[in-house]
Every structure is written in structure tokens, then in C-alpha cells.
Amino acid sequence: MAILPIQLFPDPILRKPAKTVALPQGKLNELIRNLIETLEAQPGGIGIAAPQIGEPWRVIVIDLSRRDPSKRRLVMINPVVVSMHGEMLIREGCMSLPNYTANIKRARCVKVAWEDPRGASPVAEMQGLEGVCVQHEVDHLGGIVFLDRVASLKTEVFVRRGRNLGY
């Protein structure tokens with residue numbers, strides 16, 4: 001197991017769609033352990049995708065348990081958003097773009113299918129922070145960074161400039 005460096009934007013791996021997992025079980029288990037350790041080492045981190053540690057595979061880890069003890073860590077292999085509905089505006093950040101947050105429009109509820117490390121194929125509806133996190137990490141698997149989803153880039157630039165000017 002290892003804590004690996006987070007790939008920072010504009011690293012090209014963050015723009016490449018990840019590949020369907022085709023790893024031997026031992027390599028897959030190692031990737032999952034590395035994702036978990038790397039995520040746990042990030043203050044405030046709640047989700048991570050394999051491309052963020054330089055791996056081109058469709059694997060994500062979501063762990064809201066530090067914020068909500070009723071939640072459990074999810075390891076999702078080859079996740080697919082099956083459906084989404086509703087809309088919400090939420091302030092997001094990303095470990096690959098440190099010290100930057102922006103308002104993002106996300107679906108209020110998503111239905112996701114994935115494989116788990118034991119070979120099961122769960123399907124679940126997720127909403128709130130968990131649903132947003134899944135959307136964010138699945139975006140990483142598609143080569144999409146959260147800047148691509150900024151609700152209003154002009155507004156974000158204006159707000160940041162205003163803060164720098166003291167208002």
C-alpha cells in the first residue's frame with residue numbers, strides 16, 4: 001500500500017477517459033488500497049478516482065464517514081450513472097485543483113450501477129453530498145474536471161478577483 005501523489009490539473013491523465021477495469025485481482029486490490037490510503041491522507045477529501053493517482057482505470061473510492069459516521073466507504077469499479085433527476089447548485093472543490101472551489105450544477109439524485117471488490121453488482125440511488133461526490137468522481141473517469149461544469153465561469157472569475165482586491 002502507498003500514499004501516492006495527486007495528479008494536478010492540467011496533467012493529461014485527467015483529460016483521458018479511463019479504461020474499463022481489466023486487471024488481475026492482485027493488481028486491482030493494490031490499486032484499491034492505494035486509492036484508500038491516498039484519500040485518507042487528504043484533509044477533507046471525500047472521494048478519489050484512479051486517474052487522480054495516475055492510474056487509467058475506472059475505479060473510484062467515496063468515503064463520507066469522516067463527515068457522517070452513518071456512511072460507509074464505497075469502492076466502485078466500472079461505475080455508470082444510470083439515471084439522474086433534479087438539479088442543485090453546490091460549491092465544489094477538487095484535490096487535483098487545490099485551493100479552488102466553484103459553484104457547480106449537479107443532479108439532485110443519481111442512480112448508479114457498479115461492481116464491488118467482491119464481484120457483486122450493486123445499483124443504488126444516491127443524493128445529497130454522496131450523490132454529488134459520485135457525479136464528481138465519475139466525471140474524472142470520463143476525463144472531465146469540475147472546471148468544465150462551473151455554473152458561471154465569469155461569475156467565478158469576478159468573485160475571485162473581487163476577493164483579491166479586498167471586496
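The values are calculated or read from the model by the stated rules, or taken from the named source; none is laboratory data. Quick caveat, the model's predicted, so the values are computed rather than measured. FYI the Cβ positions are ideal-geometry reconstructions off the backbone, even for glycines, and counts take in every protein chain you see.
Inclusion of residue 103 among residues that are of a type outside the set (A, V, I, L, M), over 15 Å from the mean Cα position of the chain (by Cα) and within 26 Å of residue 9 (Cα to Cα) is warranted. Residues in the range 106-138 that are in a loop (DSSP other than H, G, I, E, B), over 16 Å from the mean Cα position of the chain (by Cα) and not charged (D, E, K, R): 117, 119, 120, 121, 122.
Would you pick out the residues in the range 139-160 that are surrounded by fewer than 16 Cβ atoms within 10 Å (Cβ to Cβ), at pLDDT 90 or above and outside any loop (DSSP other than H, G, I, E, B)? If the condition is that a residue be surrounded by fewer than 16 Cβ atoms within 10 Å (Cβ to Cβ), at pLDDT 90 or above and outside any loop (DSSP other than H, G, I, E, B), then 148 is the only one that fits. For the range 1-26, the set of residues classified as assigned to a helix (DSSP H, G or I) and loosely packed, with under 13 Cβ neighbours inside 10 Å consists of 12, 25, 26, listed by residue number. Answer yes if at least one residue in the range 84-99 is assigned to a strand (DSSP E or B), modelled with pLDDT under 95, acidic (Asp, Glu) and surrounded by 12 or more Cβ atoms within 10 Å (Cβ to Cβ), and no otherwise. Checking the range 84-99: at least one residue is assigned to a strand (DSSP E or B), modelled with pLDDT under 95, acidic (Asp, Glu) and surrounded by 12 or more Cβ atoms within 10 Å (Cβ to Cβ).
Okay, residues lined up against (1) hydrophobic (A, V, I, L, M, F, W, C); (2) in contact (Cβ under 8 Å) with a residue 24 or more places away in the chain; (3) out of contact with any strand residue (DSSP E or B) (no Cβ under 9 Å at 6 or more places or on another chain):
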position: 1; (1), (2), (3): yes, yes, yes
position: 5; (1), (2), (3): no, yes, yes
position: 12; (1), (2), (3): no, no, yes
position: 31; (1), (2), (3): yes, yes, no
position: 49; (1), (2), (3): yes, yes, no
position: 60; (1), (2), (3): yes, yes, no
position: 84; (1), (2), (3): yes, yes, no
position: 97; (1), (2), (3): yes, yes, yes
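Select from the range 100-138 the residues that are modelled with pLDDT under 95 and among the aromatic types (Phe, Trp, Tyr) and list them in ascending order. The answer is 100, and nothing else.
Consider the range 45-73. How many of its residues are small (Gly, Ala, Ser), out of contact with any Asp or Glu (no Cβ under 9 Å at 6 or more places or on another chain) and not in a loop (DSSP other than H, G, I, E, B)?
So in the range 45-73, the residues small (Gly, Ala, Ser) come out as 45, 47, 49-50, 54, 65, 70.
Pick out the ones that are also out of contact with any Asp or Glu (no Cβ under 9 Å at 6 or more places or on another chain) and you get 50, 65, 70.
Still in the list and also not in a loop (DSSP other than H, G, I, E, B): 50.
Number satisfying all stated conditions: 1.
Candidates in the range 27-44 are the residues that are more than 16 Å from the chain's Cα centre (by Cα) and either charged (D, E, K, R) or assigned to a loop (DSSP other than H, G, I, E, B) (or both); of these, the one that is farthest from residue 71 (Cα to Cα) is 27.
Being touching a residue at least 40 places away in the same chain (Cβ under 8 Å), over 28 Å from residue 8 (Cα atoms) and in a strand (DSSP E or B) is a property that residue 76 lacks.
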